[in-house]
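Report on the following structure.
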Amino acid sequence: MLPIFNGLRDINMWTVLFRMVVAFICGSVIGIERTYSNKPAGFRTHILVTIGATIASMTGMYLYLVLKLPTDISRMGTQVIAGLGFIGTGTIIVTREKTVSGLTTAAGLWVAGIIGLAIGAGFYEGAIITFLITLFVETTVSELGRFITKPGRLKIALSYYYRHDLGQVMSYLKEKQINIVNLQITGNNEDIEGKFYSVLMTLNPRHPVDENELVTALSSMDGIISAGKLDK
């Protein structure tokens, strides 16, 4: 452990103030990043979680070390960790596309609470290292994650006149490394220009694709009446 913090590990007025200030700084910096990213739990929430966990940790130490009460020094910290689960649940949202949003924010709140517990216990080295890693994960690593995320499946509704029109669509998709998982004929009708067909295609891109650009490219092909993306 770093000797510079040795004088700040006891419980007194100045160490309590120091720990609360450190907790405030850590919670606010993490919260600023979440607020900037328009996440459910932002600036104030992270501050309150961090300083709350800090005072809970110090209270357990105070009861045991100062008041000499027969209590488990880690009990309050355990209750904080359990309580953070309920707070984090409120940030998790299931979207219409059946995807889960808010898990990173919930995990960030949980880690912010653990950082507060570490600060309250005087474990400054662990708190600072965890704080820096958390900030790195929520900023830089989130950008890296976009490059390793597997593209989701797409559903495209397509109308065309002749069989070879669908053939050119399939050739284009093959060229773009987009696999056709399922192809279902949904209609067989006639208009002023003659008979046309409607199909529903489920596509599985091997690489990330611009969905609007794909639909525009399909719509502009000769013989294609219309192409549109359907909700998943």
For this session: Determine which member of the set Ile4, Ile47, Ile25 is of a type in the set (Val, Ile, Thr), touching a residue at least 12 places away in the same chain (Cβ under 8 Å) and either in the same structural domain as Gly122 (by TED's automatic domain parsing) or not in a loop (DSSP other than H, G, I, E, B) (or both).
Result: Ile47
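Could you tell me whether segment 17-39 includes any residue that is more than 34 Å from the chain's Cα centre (by Cα) and either farther than 13 Å from Ala121 by Cα or modelled with pLDDT of 85 or more (or both)? Lay out the reasoning, then the answer.
Within segment 17-39, the first condition is being more than 34 Å from the chain's Cα centre (by Cα), and the residues that meet it are none.
Among the residues of segment 17-39, not one is more than 34 Å from the chain's Cα centre (by Cα) and either farther than 13 Å from Ala121 by Cα or modelled with pLDDT of 85 or more (or both), which makes the answer no.
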Problem set entry | Residue that is modelled with the lowest pLDDT [pool: residues in segment 186-212 that are farther than 15 Å from Ile224 by Cα and in a strand (DSSP E or B)] | Thr186
Problem set entry | Counted residues, segment 69-86 - those being of a type in the set (Gly, Ala, Ser) and not in a helix (DSSP H, G or I) | 1
Exercise. Mind checking which pairs have a first residue in segment 61-80 that is hydroxyl-bearing (Ser, Thr, Tyr) and a second that is surrounded by 17 or more Cβ atoms within 10 Å (Cβ to Cβ) and part of a helix (DSSP H, G or I), Cβ under 8 Å, 6 or more apart or different chains?
Worked result: Thr71/Gly60; Thr71/Leu63; Thr71/Tyr64; Ser74/Gly60
Problem set entry | Within segment 102-120, tally of residues that are touching a Ser or Thr at 6+ places or on another chain (Cβ under 6 Å) and at pLDDT below 90 | 3
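The values are calculated or read from the model by the stated rules, or taken from the named source; none is laboratory data. Not measured: the values here are computed from a predicted model. Heads up, the Cβs are rebuilt from the backbone with ideal geometry, glycines too, and the neighbour counts pull from every protein chain shown.
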